[in-house]
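For reference, the structure discussed in these notes is given below.
Where a number appears in this text, it was derived from the coordinates with a stated rule and is not lab data. Given the structure is predicted, the values throughout are model-derived calculations rather than measurements. FYI the Cβ positions are ideal-geometry reconstructions off the backbone, even for glycines, and counts take in every protein chain you see.
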Amino acid sequence: MDDLIKEMECQAEEKNIPIMQKKGIDFLCKIIDKSDVKNILEIGTAIGYSAIKMALVNDNITVTSIERDQDRYIEALKNIKKAKLDKRINVIFGDALDTKINEKYDLIFIDAAKGQYIRFFEKYKENLNPGGIIVSDNLSFHGLVEQKERIESRNLRQLVGKIKKYIEFLENNKEFKTKFYKLGDGIAISLKED
Ligand code: SAH
Ligand code: MG
């Protein structure tokens, strides 16, 4: 299994696929373990790295993950099969904003298009079990969120602006209480208030 994980890390590096950073995924796996999470919904599978890592926390965990890029979706299926986790990880090919999911989850992990985070959050909070958490990745966006004014590319500045808006949205959200962690590429954990 360690070999497969390494292979995936190399694959991601070669093809420039933004899989979770090591510190970030270790932190997430610890939370899954501690909070006794059983089922997970992931938005943004890429090649299946984080889905596999999360499923490996213990044998009771099941993951549903959504990916809209066909090549990555196919790679993810291959990697999940190699890991013998195809019974516990289900990948859905499609755009998460158009996907209809009825099931409820203990943890929802948002790790897809950064400009759409508010929409993902609003849509998928309906799929959260009582006491469940929503985890969001890349809120630091390689350190760029902290130094937006210095970014020269207009597109990039707009994207970083959207991430800032999402952070404000979480900070001001009355339904959820969010904690921010400067780990990996910046992670937020949002817990629904009862
Ligand atoms: N969670 C993965 C990394 C995901 S990278 C890991 O850590 O291993 C982000 C992925 O989200 C990309 O592969 C991209 O194609 C996908 N994505 C972006 N927007 C999406 C959307 N609206 N619906 C589904 N997938 C999306
Ligand atoms: Mg990420």
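What to note about this one:
- Charge tally in the Cβ shell below 12 Å around Phe109, where Lys, Arg are +1 and Asp, Glu are -1, Phe109 excluded: -3
- Normalised contact order of region 42-194, rounded percent, pairs of Cα under 8 Å and 6 or more residues apart: 19
- Likely footprinting exposure, Ile32, Ile101, Ile167, fewest C-beta neighbours within 10 Å first: Ile101, Ile167, Ile32
- Whole-angstrom gap from region 26-61 to region 98-175, using each part's C-alpha centre: 18
- 222 nm mean residue ellipticity, helices alone, for the chain (DSSP H n ≥ 4; -39,500 (n - 2.57); rounded to 500): -11500 deg cm²/dmol
- Exposed GluC sites (Glu not before Pro) absent: longest stretch of the chain, with sites in DSSP loops and at most 14 other Cβ within 10 Å deemed exposed: 1-102
- Taking other C-beta atoms within 10 Å as the exposure proxy, Lys165, Lys82 rank Lys165, Lys82 from fewest upward.
- Radius, Kirkwood style, for the chain when every pair of distinct Cα atoms is counted (Å): 16.9
- Extended-chain gain in nm, criterion 0.36 nm per residue less alpha-carbon gap, Lys82 and Lys100: 3.7 nm
- Cβ crowding within 10 Å ranks Cys10, Cys29 as Cys10, Cys29, fewest other Cβ atoms first.
- Pairs exceeding a 18 Å alpha-carbon distance, out of Lys114/Lys165; Lys38/Lys104; Lys22/Lys164: Lys22/Lys164.
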